[in-house]
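Before any comments, here is the structure.
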Amino acid sequence: MAVNAKKNSIVFEKRKELDYRTNESYKSLRTNIQFCGSDVRVLALTSCTPNEGKSSVCFNLALSFAQDGKKVIMIDADLRKSVLVGRYKVGAVDGGLSHYLSGQKELSEVVMSSDIENFDIIFSGPFAPNPAELVGSERMKEMLKTLREQYDYVIIDTPPMGSVVDAAVISQLTDGVVLVIENNAISYRFAQTVKKQLEQVDCKLLGAVLNKVPMGKKGYYGRYYGKYYGKYYGEYYGTYGQEDGDDEQE
């Protein structure tokens, strides 16, 4: 079944341009995923808890693939508490994932083309009373099979793994999962618990993204090692390696 997104078009009116350093970070993430193998093309992104920045990472990763000339579709599979429509001010959306999975609309009616070349999207649609059942349905499997044939990458934004089972259900249908972890917000034990949950459903964990890291002039690791070694060697070699100060930003 061919999917024609051209008849359903939206504009991301509130999309912010990324600064150079952030853009390079997403390029690195994109490259790391590509090195996971050519068969890793359907990806899920999840987190431990809400508000770790998972949806932003998912959107910008999809954007990075599109800017690299890959045909990509992002699926907002958070049928409980989606934020994408409001965050990017796309206006009214007639059909979404919950419409398709419940049989109210066909796939071609919910796939939207965007003002970004190579970037299509499926929004979540209205709240569904049975989200776990919907994302684990045969229609979900059929949809991913169809999209795999027509896109280079399918990137799925799922609910937090530590909150509901939806992400675990979806993960079983993908080639791998990326775990987004907010810096200084999630304990090691909690992250390990989520990792074990993914392993229990035989899902391949591709890696983790440390998000919301304060960045100084020399970057995160530059700040740490610059201070440590600058102080240590400064006793012997003057001020070599020391920093003038640190400006932090989100």
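If we keep just the residues of region 167-213 that are acidic (Asp, Glu) and at pLDDT 90 or above, which is surrounded by the fewest Cβ atoms within 10 Å (Cβ to Cβ)? In this case the residue turns out to be GLU182.
Restricting attention to region 154-171 and to residues that are β-branched (Val, Ile, Thr) and in a helix (DSSP H, G or I), the residue that is farthest from the chain's Cα centre (by Cα) turns out to be VAL169. Could you please let me know if ASP94 is of a type outside the set (S, T, N, Q) and either within 13 Å of the chain's Cα centre (by Cα) or within 21 Å of LYS204 (Cα to Cα) (or both)? Considered against the rule, which asks whether it is of a type outside the set (S, T, N, Q) and either within 13 Å of the chain's Cα centre (by Cα) or within 21 Å of LYS204 (Cα to Cα) (or both), ASP94 comes out as no. Restricting attention to region 137-165, the residues that are touching a Ser or Thr at 6+ places or on another chain (Cβ under 6 Å) and of a type in the set (D, E, K, R) total 1. When region 33-75 is filtered for residues that are surrounded by fewer than 17 Cβ atoms within 10 Å (Cβ to Cβ), in contact (Cβ under 8 Å) with a residue 12 or more places away in the chain and at positive phi, the ones remaining, listed by number, are ASN51, GLY69.
The values are calculated or read from the model by the stated rules, or taken from the named source; none is laboratory data. Since the structure is predicted, the reported quantities are computational estimates derived from the model, not experimental observations. Methodologically, a virtual Cβ is constructed for each residue, glycine included, from the backbone with ideal geometry; neighbour enumeration extends over all protein chains shown.
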